[in-house]
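Everything below concerns the one structure shown next.
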Amino acid sequence: MKALLEVENVSKKFGELVALENISFQVTDKECMGIIGPNGAGKTTLFNIISGNMKPTFGNIKFMKKDITGKKPSQLVKMGLVRTFQLIKAFKNMTVEENFQAVGEDYEEVMRDLGLWEKRAMFAKNLSQGELRKLNIGLALVTNPKLLLLDEPFSGLSPSECAELHSVIDQLRERGVTMVIIEHKLKELFNHAERVIVLNYGHILCEGTPEEIVRDIRVIEAYLGVGYEVA
């Protein structure tokens, strides 16, 4: 499988604080990869660097074999690399359809697939948390991403809203969209991720399948805790 994304020896320092140190991994085409770790492990910093919201102190990022290190988010979106945020970004005082219109023109099918067509005249501020998550993902999808970075997409969702989002992610996988997902709700993440990277204190602690990760003593001691089970 060809590598769609290549992260090469990426480090990030904030003064004397080392947020990331020598992070290297690849994401293959059509893969769904998860990134987990305790708060402060460097997960969001890594997403910020990959998506162009932050420059690394050292290291390089390649997307489709092209060096994208330091490129602006708007440039990366045009190339097909798109991210969502843990804190949902939408135009709250605009309708659902107006939000889509602000991003692109070919959005009707995306709205229907996400179950937002009937809500198209509703102001975004009146949507449920789950609907806002779907709107956030929908705005990313209108850009026709080749790689989608999802930052804690299940955060704050009810069980029924999680089930709806699972369906959305399944549809994306069927379309062949490559995804990298940061998520604390491991049960939800493990429904989709084929491979998981564990970050801890800015380093890659280990990587493997979800089954391998939950049995790794290093992960149990640093993050999951003794007796952890994915129900």
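Among the residues of region 59-73, count how many are out of contact with any helix residue (DSSP H, G or I) (no Cβ under 9 Å at 6 or more places or on another chain), open to solvent by less than 70 Å² (accessible area, probe 1.4 Å) and at negative phi. Walk me through how you get there before you give the answer.
So in region 59-73, the residues out of contact with any helix residue (DSSP H, G or I) (no Cβ under 9 Å at 6 or more places or on another chain) come out as 60, 62, 65, 67, 70, 72-73.
Cutting the leftovers down to open to solvent by less than 70 Å² (accessible area, probe 1.4 Å) gives us 60, 62, 70, 73.
Right, trim to at negative phi and you get 60, 62, 73.
Counting residues in region 59-73 that are out of contact with any helix residue (DSSP H, G or I) (no Cβ under 9 Å at 6 or more places or on another chain), open to solvent by less than 70 Å² (accessible area, probe 1.4 Å) and at negative phi gives 3.
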| region 175-185: number of residues that are more than 14 Å from the chain's Cα centre (by Cα) and within 23 Å of Glu211 (Cα to Cα) | 0
| query | Taking Asn9 and the conditions (1) at pLDDT 95 or above; (2) assigned to a loop (DSSP other than H, G, I, E, B); (3) surrounded by fewer than 20 Cβ atoms within 10 Å (Cβ to Cβ), which numbered condition does it fall short on, given that it satisfies the others? | reply | (2)
| remark: Selection over region 172-196 where residues are under 21 Å from Phe85 (Cβ atoms), open to solvent by 20 Å² or more (accessible area, probe 1.4 Å) and without any contact (Cβ under 8 Å) to a residue 60 or more places away in the chain yields a count of 2
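Which of the residues that make up region 74-98 are under 24 Å from Glu183 (Cβ atoms) and either exposed (fewer than 15 other Cβ atoms within 10 Å of the Cβ) or of a type in the set (S, T, N, Q) (or both)? Don't jump to the end; show me each part of the working.
Within region 74-98, the subset under 24 Å from Glu183 (Cβ atoms) is 76-77, 80-90.
Matches in region 74-98: Thr84, Gln86, Leu87, Lys89.
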| field | Wholly enclosed helices (runs of 4 or more DSSP H) of region 59-156 bearing at least 2 residues within 16 Å of the chain's Cα centre (by Cα) | value | 73-79, 129-141
| request: Pick out the one residue from Glu152, Glu108, Glu131 that is open to solvent by 70 Å² or more (accessible area, probe 1.4 Å) and either acidic (Asp, Glu) or closer than 28 Å to Pro56 by Cβ (or both). | output: Glu108
| request: Run Gly40 past the list (1) closer than 20 Å to Ile137 by Cα; (2) modelled with pLDDT under 95; (3) open to solvent by 50 Å² or more (accessible area, probe 1.4 Å) and report the number of the one that doesn't hold. | output: (1)
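Conditions tested, residue by residue: (1) under 24 Å from Arg173 (Cα atoms); (2) of a type in the set (D, E, K, R).
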position: Asp29; (1), (2): yes, yes
position: Ile36; (1), (2): yes, no
position: Asn60; (1), (2): no, no
position: Phe85; (1), (2): yes, no
position: Phe123; (1), (2): no, no
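The values are calculated or read from the model by the stated rules, or taken from the named source; none is laboratory data. It should be emphasised that the depicted structure is a prediction, and the values quoted were computed from it without experimental measurement. Here Cβ is always computed from backbone atoms with ideal geometry, including for glycine, and neighbour counts include all displayed protein chains. Note: accessible area is taken over every heavy atom of the protein model, side chains too, but ligands, DNA and RNA are not part of it. Shrake-Rupley method; radii C 1.70, N 1.55, O 1.52, S 1.80 Å.
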